[in-house]
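These notes concern the structure reproduced below.
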Amino acid sequence: MLTDMGSVIELAEAVDSRDPATGLAAVAALRRLLEELEAAHVAHARARGWSWEAIAAALGVRRQSAHRKHAHRVVDEAGSHE
Amino acid sequence: MFTRFTPPARRAVVRAGLLAMDAGHTALDDRAILLALAELRPFQEPLDAFGVTAAAVRAALAGEAGRPRDADLLAGLGIDLAEVRRRMSGLVSVDDPARWRLTRARLRPLRVVLSGPAADLPLTPKARKVVEVALHRSGSTGRVTGEDLLRGLLADGSNPSVRIMRRDGADLGRLAAALGFARRAA
């Protein structure tokens, strides 16, 4: 995961339940949503012509990390679709 | 691999991936493929023998899963998943099949992954088998159709998707015959 876990944990502490199973499942659901959001925003940035450097800087990660994680998935407008 | 699929069959696999994501799964299983086929009916022919409705499949899946839905879990955190998804929809068209691909990992041939703007979903071994059988049935020149995907599901009687069809009262023998499956496999 590219994102700082701290913010996720803070959010999870707000779970309105004292049942650890519910709380942990909610964290897992949030992580899935986070991955989905990140992927969508990276794809959007690429479609807008952003470089991997700029995307990585905005995400606060190294360029290689962002590229390795997303490049295979993002269908660049200029690139092939397969 | 999608270059060897007909557009409706490709749309069905992508739809299956989106359904799996909605259900909070991190992998694509054969039951999601069944639900997508029941929803979209991406077939060349009407195929009356495939009578399972999307509602029936959804009900069967709801009965199986003991896990709460992501939407409910996130609501517990104060997050409205539907609203987040609604705002996301303006960014990229997540459900555009052209933005998804199905690839086999070069160094791990047993790993097939459906990758799209919103996620990477590895196929479960059974779902991978469905796709492999469908590719096999389509032959070397033909393209994978919705019927081929259904043949892939039926090829393994232990598939949870087949169990759902059977429990729904589907006449699998008739379906296999309609697909020309029983005869060719004999």
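The values are calculated or read from the model by the stated rules, or taken from the named source; none is laboratory data. Small disclaimer: the values here were computed from a predicted structure and weren't measured. Methodologically, a virtual Cβ is constructed for each residue, glycine included, from the backbone with ideal geometry; neighbour enumeration extends over all protein chains shown.
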Failed criterion for B:Arg85 (all others in (1) within 30 Å of B:Asp48 (Cβ to Cβ); (2) buried (at least 17 other Cβ atoms within 10 Å of the Cβ) hold)
(1)
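For region B:99-118, how many residues are aliphatic (A, V, I, L, M) and more than 15 Å from the chain's Cα centre (by Cα)?
As a first pass, look at region B:99-118 and keep what is aliphatic (A, V, I, L, M): B:102, B:105, B:107, B:110, B:112-114, B:118.
Narrowing further to those that are more than 15 Å from the chain's Cα centre (by Cα): B:105, B:107, B:110, B:118.
Number of matching residues: 4.
Among the candidates A:Ala66, A:Ala54, which residue alone is within 21 Å of B:Leu121 (Cβ to Cβ), at pLDDT 90 or above and more than 14 Å from every other protein chain (Cβ to nearest Cβ)?
Values: A:Ala54 fails: within 21 Å of B:Leu121 (Cβ to Cβ).
The unique qualifying residue is A:Ala66.
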Considering only region A:20-44, state which residues are at the interface with chain B (Cβ under 9 Å from one of its Cβ atoms) and farther than 14 Å from B:Gly116 by Cα.
A:Thr22, A:Gly23, A:Ala25, A:Ala26, A:Val27, A:Ala28, A:Ala29, A:Leu30, A:Arg32, A:Leu33
Quick one: would you say B:Leu34 is more than 10 Å from every other protein chain (Cβ to nearest Cβ) and either crowded, with 17+ Cβ neighbours inside 10 Å or outside any loop (DSSP other than H, G, I, E, B) (or both)?
yes
Would you call B:Ala182 in contact with a helix residue (DSSP H, G or I) (Cβ under 6 Å, 6 or more places away or on another chain), at pLDDT below 90 and surrounded by 19 or more Cβ atoms within 10 Å (Cβ to Cβ)?
no
Candidate set: region B:120-154, residues that are buried (at least 16 other Cβ atoms within 10 Å of the Cβ) and more than 15 Å from the chain's Cα centre (by Cα); chosen: the one modelled with the highest pLDDT:
B:Arg143
Being within 7 Å of chain A (Cβ to nearest Cβ) and under 24 Å from the mean Cα position of the chain (by Cα) is the filter; apply it to region B:82-98 and report the residue that is farthest from A:Val42 (Cα to Cα).
B:Ala98
Within 14 Å of chain A (Cβ to nearest Cβ) and either on the phi > 0 side of the Ramachandran plot or of a type outside the set (A, V, I, L, M) (or both), is that true of B:Asp29?
no
Kindly indicate whether any position in region B:58-76 is assigned to a loop (DSSP other than H, G, I, E, B) and either among the acidic types (Asp, Glu) or crowded, with 18+ Cβ neighbours inside 10 Å (or both).
no
